[in-house]
Amino acid sequence: MASLPILGNGVDPRPIADRILSHPGVQKVPNAKLDLFLARGFLPPESCAALIERIDTVRRPSTIADPNGDAAFRTSETGDLSAADPIVQVIEARIAAFTGLDPVHGEPLQGQRYAVGQEFKGHTDYFDPDGVDYARYCTVAGNRTWTIMVYLNEPEAGGATRFKAIDKTIQPETGKLVAWSNRRPDGSLNPATLHQGMKVRSGVKYVITKWFRERPWA
């Protein structure tokens, strides 16, 4: 994958979607409302375990843009992973090669941890252009174009990701990648990407997430 060309920032989702689908074993969720892809075994168990260790050293309470008054809206923990870490560099390069998304448009790789009862209620990953925090988060790099998420483990119960608009629920599996465009084919923001990180019922769930932007990340 390393020799494949970089395709851009993902505002036009079509070339990125084509690249993702070119890899063996990738599944596209059959729904016209959004581009949503699954790839089992994207990361090996040993890489997942190493990333879990790193998340546990940097995790902090997660936050949201445009607070809505619901203190239980997002109850997970979040941690930024160091771009200087060789393991993180390998994962970043793998994601870029797999998707064709230009690394200069990527936010830092982030990890999330969900303990029993923790969740992230229905939300989109792009920032609402009418939201009070839009300028704060989007003035420099623009809005988000693609989301690349990888489950690092399998909690004993719960912790699925649900896309409400298409009634699709994705169960965590160690190393499984979930990727979606936050845009429609014409480049406009896609509200059908509304999704929920459902409550963990038993055990702990870990994921990593990589977001890409319209403009280079400063």
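The values are calculated or read from the model by the stated rules, or taken from the named source; none is laboratory data. Only a predicted model underlies this, so the values are computations on that prediction, with no experimental measurement involved. Heads up, the Cβs are rebuilt from the backbone with ideal geometry, glycines too, and the neighbour counts pull from every protein chain shown.
Within the stretch 68-101, take every residue that is touching a Phe, Trp or Tyr at 6+ places or on another chain (Cβ under 8 Å) and part of a loop (DSSP other than H, G, I, E, B) and give me the one that is surrounded by the fewest Cβ atoms within 10 Å (Cβ to Cβ).
The selected residue is Phe73.
Looking only at the stretch 119-135, filter to residues that are charged (D, E, K, R) and touching a residue at least 40 places away in the same chain (Cβ under 8 Å); which one of those is surrounded by the fewest Cβ atoms within 10 Å (Cβ to Cβ)?
If we take residues in the stretch 119-135 being charged (D, E, K, R) and touching a residue at least 40 places away in the same chain (Cβ under 8 Å), then Asp133 is surrounded by the fewest Cβ atoms within 10 Å (Cβ to Cβ).
Determine whether the stretch 60-67 contains at least one residue that is modelled with pLDDT under 95, in contact with a helix residue (DSSP H, G or I) (Cβ under 9 Å, 6 or more places away or on another chain) and farther than 15 Å from Gln110 by Cβ.
Yes - at least one qualifying residue is present in the stretch 60-67.
Need pairs with beta-carbon distance below 8 Å; first residue farther than 26 Å from Gly106 by Cα and within the stretch 143-164, second buried (at least 24 other Cβ atoms within 10 Å of the Cβ) and hydroxyl-bearing (Ser, Thr, Tyr); sequence gap 6+ or separate chains.
Pairs found: Pro155/Tyr114.
Evaluate the stretch 97-104: report whether one residue or more is among the β-branched types (Val, Ile, Thr) and within 23 Å of Gly159 (Cα to Cα).
Looking for residues that are among the β-branched types (Val, Ile, Thr) and within 23 Å of Gly159 (Cα to Cα), one finds none in the stretch 97-104, hence no.
What is the residue count in the stretch 8-36 for residues that are within 16 Å of the chain's Cα centre (by Cα) and among the acidic types (Asp, Glu)?
1
Of Thr147, Thr124, which residue is modelled with pLDDT of 95 or more, touching a strand residue (DSSP E or B) at 6+ places or on another chain (Cβ under 7 Å) and closer than 18 Å to Trp211 by Cα?
Residue meeting the stated conditions: Thr147.
Among the residues of the stretch 132-184, what is the count of those that are charged (D, E, K, R) and farther than 17 Å from Lys33 by Cα?
Residues that pass the stated criteria total 7.
Testing Pro172 on (1) in contact (Cβ under 8 Å) with a residue 40 or more places away in the chain; (2) in contact with a Ser or Thr (Cβ under 9 Å, 6 or more places away or on another chain), one condition comes back false. Which one is that?
Unmet for Pro172, out of (1) in contact (Cβ under 8 Å) with a residue 40 or more places away in the chain; (2) in contact with a Ser or Thr (Cβ under 9 Å, 6 or more places away or on another chain): (1).
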